[in-house]
Amino acid sequence: MSTGNLENIQDLPQHAVERLNRMSAAGSRLWTSDLTVNEFLLVREAGFEPLGLVVGSSIYHIGYQQQMFRQNEEMTVLSGAMYHARELAMTRMEEEADQLGADGVIGVRLDVNRYEWGAGLAEFMAVGTAVRSLGESHRPAHGKPFTSDLSGQDFWTLLKTGYRPVGLVMGSCVYHVAHQTLAQSLRTVGQNVEMTNFTQALYDARELAMERMQSEAQELGAHGIVAVQIQERNHGWGSHVIEFFAVGTGVVGANVDQAVPAPTLTLGLNDN
């Protein structure tokens, strides 16, 4: 995630501050987490303790942008809105983790929810479990808690192989896919033929999202990105406007010569 200065960052809600103060008070042993039991135990085995569930939220009004009916193009106004809203939510989640004295946040989920208050409104929410190292600090060089969407199991495996996360990195591109003319549609009737206009549009949009995600990783000094996901969603803008969202965890190699544990066979006992 980018660590640049954001405008109009508001203080955390009063109830959030009160909750964080109670959890970080001297003598308090209560923590909250969305880790499963297995994840919790592996995180502990890796030398970390959970401090609390941390949340960031932003309800954002997404502006309007006119698109050209027959032109493939990025909707830059919408791309900027989707990125900035997520950045606000992530930054507030980081602030909560910082209040708890965390080294990082794992298992981060980024959700987008729409409500009936208005067609252009959406809530962007970031949720994860703040963790702290029981040994040396694992905060990245920029001084803020690291963020990661890795599960507790993946976090444990990453550390065991000599790598560590430095931040959740993301890239967004909202793209308008051009409509076909009637003549173009008629030329493909009954034929097996690639729809090159559509192919190129989706290809370009994914590349822009991936490129922006990679740029964030380079800014953090990451050596690579793991667990990359490329999501495609239509947020009610119409059938030809799609958001491509690339997200993953930037990592660095702390001790890459460390031996990789041998895989072990695990047999599930459920009926599925």
Taking segment 116-140 and keeping only residues that are more than 30 Å from Asn234 (Cα to Cα) and assigned to a strand (DSSP E or B), one is left with Ala130, Val131, Arg132, Ser133
Pairing a residue in segment 148-164 that is on the phi > 0 side of the Ramachandran plot with any residue that is crowded, with 17+ Cβ neighbours inside 10 Å and modelled with pLDDT of 95 or more, where Cβ atoms lie under 6 Å and the two sit 6 or more apart in sequence or on different chains, gives none
Practice problem: Would you confirm whether any residue within segment 19-34 is surrounded by 15 or more Cβ atoms within 10 Å (Cβ to Cβ), modelled with pLDDT under 95, part of a strand (DSSP E or B) and in contact with a helix residue (DSSP H, G or I) (Cβ under 6 Å, 6 or more places away or on another chain)? | Solution: no
Checked segment 91-111 for anything part of a strand (DSSP E or B) and surrounded by fewer than 18 Cβ atoms within 10 Å (Cβ to Cβ); matches are Arg109, Asp111
In segment 217-243, residues that are in a strand (DSSP E or B) and among the acidic types (Asp, Glu) total 2
With the first residue restricted to segment 171-200 and required to be at pLDDT below 70, and the second required to be part of a loop (DSSP other than H, G, I, E, B) and among the hydrophobic types (A, V, I, L, M, F, W, C), Cβ contacts under 6 Å at 6 or more apart or on different chains are His179/Phe69
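The values are calculated or read from the model by the stated rules, or taken from the named source; none is laboratory data. Computed from a predicted model, the values in this text were never measured in an experiment. Quick reminder, even Gly has a Cβ in these numbers, built from the backbone with ideal geometry, and neighbours come from all protein chains shown.
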